[in-house]
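**Q** To start, I am sharing the structure in question, which I have written as structure tokens.
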Amino acid sequence: MSEPILKIDNLRTSFRIKDDYYAAVDGVSLSVNKNELLAIVGESGCGKSALAFSIMNLHSRAKIEGDILFKGQNITNLPINKLNKLRGKDMGMIFQDPLTALNPLMVIGEQIGEILLIHGTQSAEKRKTKVIELLNKVGIPRPEHVFNQFPHELSGGMRQRVVIAMAIANNPELLIADEPTTALDVTIQSQILDLIKDLKEESGAGVILITHDLGVVAEMADRVAVMYAGQIVEIADVYTLFENPLHPYTRSLLNSVPTTEEQSTLHVIQGVVPALQNLPREGCRFGARIPWIPDSAHEKNPELHEVSPGHFVRCTCYKDFHFPDGDKEGKQHVIS
Ligand SMILES: Nc1ncnc2c1ncn2[C@@H]1O[C@H](COP(=O)(O)OP(=O)(O)O)[C@@H](O)[C@H]1O
Ligand SMILES: [Mg+2]
């Protein structure tokens, strides 16, 4: 198999809160191959954005430990000038909120053009041609007109297309999309996701798609990593994850999605992701939210176990997990 585009080994990203450091990403290892879409799922506060920002080295004040290899090169402590050559060229990122990613004072054409200029397209004429081409590619109607518009003159969906155009301007080999459609209407969401999928297929880039929408995951992902409280609790190819989810957190997430219109109860997972300062020092981090499972089912220092090739699950508690009252499928019970 060819070398992965991205390989992360034991990444730990910690933020300073008062006088201590707390890890928002705690020992994450994963890889992304060419033409592969890895989805990262988990509730809000699980560390998904902290992970994405670490890969792009966008945290201004975080302690980052571990190794991030981009095409075999360790980029964890790359000097800023070398890093800037990678960002926006070999690695592109699409953020959740297109408004914050765009400069309100610059017309669209200039903003995209600037990225081309930084990475070597000197001729203004060539840049304009390329910007129009990119706007076309991301499905923006009347690109010549939009070229001269400011971000506030566009709809949310159009702005996100512009952000995507910027992210792909220099044909990145790795594209990271952090909840790219959360701020958008449902109909626009699927158009944007189709666009990301097409771009991946066309360019062969590796994609990390962060989302909390399992429907999107089922439709788009090749592999899925489920994150809980800063750690990957389960990772598998998309088919295996949906057919044979093992970790209690994965199973609870899957059961919290309404499947039919007649379904009257939505399965909710009790509690919330603990704040960084309140993470348990040892033991299964999800244990507190499945109190009917005895402590003895959990490992003291839960590790990822490979249960079948490429399918990893953290903690042995998955072996003993059941929904309350022995309801194995969790269909009858609301976990709340
Ligand atoms: N700059 C920061 N300083 C301190 N804590 C942070 C910072 N950024 C994120 N966190 C905390 O790290 C955890 C993970 O956050 P985040 O990566 O944004 O989660 P997600 O993207 O999965 O919703 C949360 O507990 C959040 O409060
Ligand atoms: Mg986030």
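**Q** Tell me the carbon and sulfur percent of the accessible area for segment 1-41, rounded to whole percent, probe radius 1.4 Å. Walk me through the intermediate numbers first.
**A** On the way: 870 of 2040 Å².
With neighbouring chains kept in place, the figure for segment 1-41 is 43 percent.
**Q** Let me ask something additional. So what's the net charge close to G283: Lys and Arg +1, Asp and Glu -1, counting the other residues with Cβ under 15 Å from its Cβ?
**A** For residues surrounding G283, the net value is -1.
**Q** Taking trypsin sites (Lys or Arg not before Pro) as exposed when DSSP calls them loop (any state but H, G, I, E, B) and at most 14 other Cβ atoms lie within 10 Å, what is the longest stretch of the chain free of them, the sites themselves excluded?
**A** Between the exposed loop sites, the longest stretch runs 62-280.
**Q** Same structure, new question: Run lengths n ≥ 4 of DSSP H only: what is the helix-derived mean residue ellipticity at 222 nm for the chain, with -39500 (n - 2.57) per run over all residues, to the nearest 500?
**A** Details: 11 runs with 101 residues, N = 336.
When only DSSP H runs of four or more count, the value is -8500 deg cm²/dmol.
**Q** Sticking with this structure for a sec: To the nearest 20 debye, what charge dipole does the chain have about its Cα centre, counting +1 at the Cβ of each Lys and Arg and -1 at the Cβ of each Asp and Glu? Write out the running numbers ahead of the final one.
**A** Values: 33 positive and 42 negative charges, 229 e Å.
It works out to roughly 1100 debye.
**Q** Report the paramagnetic label zone for F242: residues of segment 155-195 whose backbone N is under 17 Å from a point 7 Å from Cα along the Cα-to-Cβ axis.
**A** The answer is 190, 193-194.
**Q** A further question on this structure: Can you give me the accessible area per residue for segment 178-302, using a 1.4 Å probe, in Å²? Write down the numbers at each step before the final one.
**A** On the way: 5900 Å² over 125 residues.
Heavy-atom SASA per residue in segment 178-302 reads 47 Å².
**Q** Run the reach check for K300 against aspartates and glutamates, Cα to Cα strictly under 14 Å, same-chain hits fewer than 8 apart removed. What comes back?
**A** Excluding near neighbours in sequence, the set is E282.
**Q** Can you give the Rg to Rh ratio of the chain, both from alpha-carbon atoms, with Rh computed by the Kirkwood formula?
**A** Values: Rg = 21.0 Å, Rh = 21.2 Å.
Across the chain, the Cα-based Rg/Rh ratio is 0.99.
**Q** Another question, if that's okay. Sequence neighbours fewer than 8 away in the same chain don't count; with that in mind, list the lysines whose C-alpha is under 26 Å from K130.
**A** Those lysines meeting the cut-off are K34, K82, K85, K89, K197, K200.
**Q** Each residue of segment 243-254 in turn: what ³J(HN,Hα) in whole Hz from Karplus with 6.51, -1.76, 1.60 and θ = phi - 60°, glycine and Pro shown as x?
**A** Listing the rounded values in order: 7, 9, x, 10, 5, x, 5, 4, 5, 5, 4, 5 Hz.
**Q** Next up: Using the C-alpha atoms of segment 155-240, what convex hull volume per residue, in cubic angstrom, is computed?
**A** On the way: hull volume 8.8 nm³, N = 86.
Looking at segment 155-240, the number lands at 102 Å³ per residue.
**Q** What residues qualify as long-range amide H neighbours of L175, i.e. H under 5 Å apart, gap of 5 or more or another chain, H built at 1.01 Å from N?
**A** Under 5 Å from the amide H of L175: G92, G206, V207, I208.
**Q** Let me ask another. Where the only charges are on Cβ atoms (+1 Lys, Arg; -1 Asp, Glu), what is the dipole of segment 175-223 about its Cα centre, to the nearest 20 debye?
**A** Working: 3 positive and 10 negative charges, 25 e Å.
Roughly 120 debye, rounded to the nearest 20.
**Q** What is the spin-label model distance, in nm, from Q73 to E133 if the labels are put 7 Å beyond Cα along the C-beta direction?
**A** The two pseudo-label positions are separated by 2.4 nm.
**Q** May I pose another question? Given a Förster radius of 30 Å and the C-beta distance between N103 and I17 as r, what FRET efficiency does 1/(1 + (r/R0)^6) yield to the nearest 0.05? Intermediate results must be reported in sequence, preceding the final value.
**A** Working: r = 31 Å, r/R0 = 1.03.
The computed FRET efficiency comes out at 0.45.
**Q** Give the calculated FRET efficiency between I118 and R281 to the nearest 0.05, with a Förster radius of 45 Å applied to their Cβ-Cβ distance.
**A** Numbers: r = 45 Å, r/R0 = 0.99.
Efficiency, from the Cβ-Cβ distance: 0.50.
**Q** Let me ask something else about it. Could you derive backbone 3J(HN,Hα) for segment 196-210 from the dihedral phi with the Karplus parameters 6.51, -1.76 and 1.60 (θ = phi - 60°), listing whole Hz in sequence and x where the residue is Gly or Pro?
**A** 4, 5, 4, 4, 4, 5, 6, 9, x, 5, x, 10, 10, 10, 9
**Q** Once you place label points 7 Å from the Cα toward the Cβ at D295 and T187, how far apart are they in nm?
**A** Each label point lies 7 Å from its Cα, and together they span 5.5 nm.
The values are calculated or read from the model by the stated rules, or taken from the named source; none is laboratory data. This one's a predicted model, so the numbers in the text were calculated from it and none came from an experiment. Every residue, glycine as well, gets a Cβ built from its backbone with ideal geometry; the counts of neighbours run over all protein chains shown. Just the protein is used for accessible areas: all its heavy atoms, side chains included, with ligands, DNA and RNA removed. Shrake-Rupley method; radii C 1.70, N 1.55, O 1.52, S 1.80 Å.
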